[in-house]
Amino acid sequence: MVWKRGGLVAEARTGGQRVALLHLDESQPVVLEGPAAVIWELIDGQRSEQEIFNELEASFEDELGQMQAQAELFLASLEARRLIEPASAA
């Protein structure tokens, strides 16, 4: 699956790995830090999920071998909040 950022999403960044996201139909922002913010940066409408997982594993220790499963859950939560959508939906 290739994901892109939702069209109705506003974002604000701070220095470092922190980003706040707000779907314009919602009232509460979502703040991402660390690996979550890195995943957000990697969602570009061109990288596949596997490419995102590979880049995460190259950047962060995955001693327990759970990073891919956690990233899959995180992507599903972003989709549920309408912050991302399949790239082919455009």
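The values are calculated or read from the model by the stated rules, or taken from the named source; none is laboratory data. Since the model is a prediction, treat every value here as computed from it, not as a measurement. Note that each Cβ is placed from the backbone with ideal geometry, even for glycine, and that neighbours are counted across all protein chains shown. Protein only, heavy atoms only, side chains kept; ligands, DNA and RNA dropped before computing areas. Shrake-Rupley method; radii C 1.70, N 1.55, O 1.52, S 1.80 Å.
A Cβ distance below 8 Å, combined with a sequence gap of six or more or placement on separate chains, defines the contacts here; from the stretch 25-37, residues that are within 16 Å of Glu57 (Cα to Cα) and among the small types (Gly, Ala, Ser) reach residues that are open to solvent by 30 Å² or more (accessible area, probe 1.4 Å) and part of a loop (DSSP other than H, G, I, E, B) in the pairs Gly34/Gln17; Ala37/Gln17.
Scanning the stretch 9-47 for residues that are open to solvent by 80 Å² or more (accessible area, probe 1.4 Å) and in a loop (DSSP other than H, G, I, E, B) turns up Gln17, Leu24, Asp25, Glu26, Ser27, Gln28, Gln46.
For the stretch 53-62, does any single residue satisfy the condition of being exposed (fewer than 11 other Cβ atoms within 10 Å of the Cβ) and assigned to a loop (DSSP other than H, G, I, E, B)? So far as the stretch 53-62 goes, yes, one or more of its residues are exposed (fewer than 11 other Cβ atoms within 10 Å of the Cβ) and assigned to a loop (DSSP other than H, G, I, E, B). No other residue among Ser88, Ser77 is loosely packed, with under 14 Cβ neighbours inside 10 Å, touching a residue at least 40 places away in the same chain (Cβ under 8 Å) and part of a helix (DSSP H, G or I) apart from Ser88.
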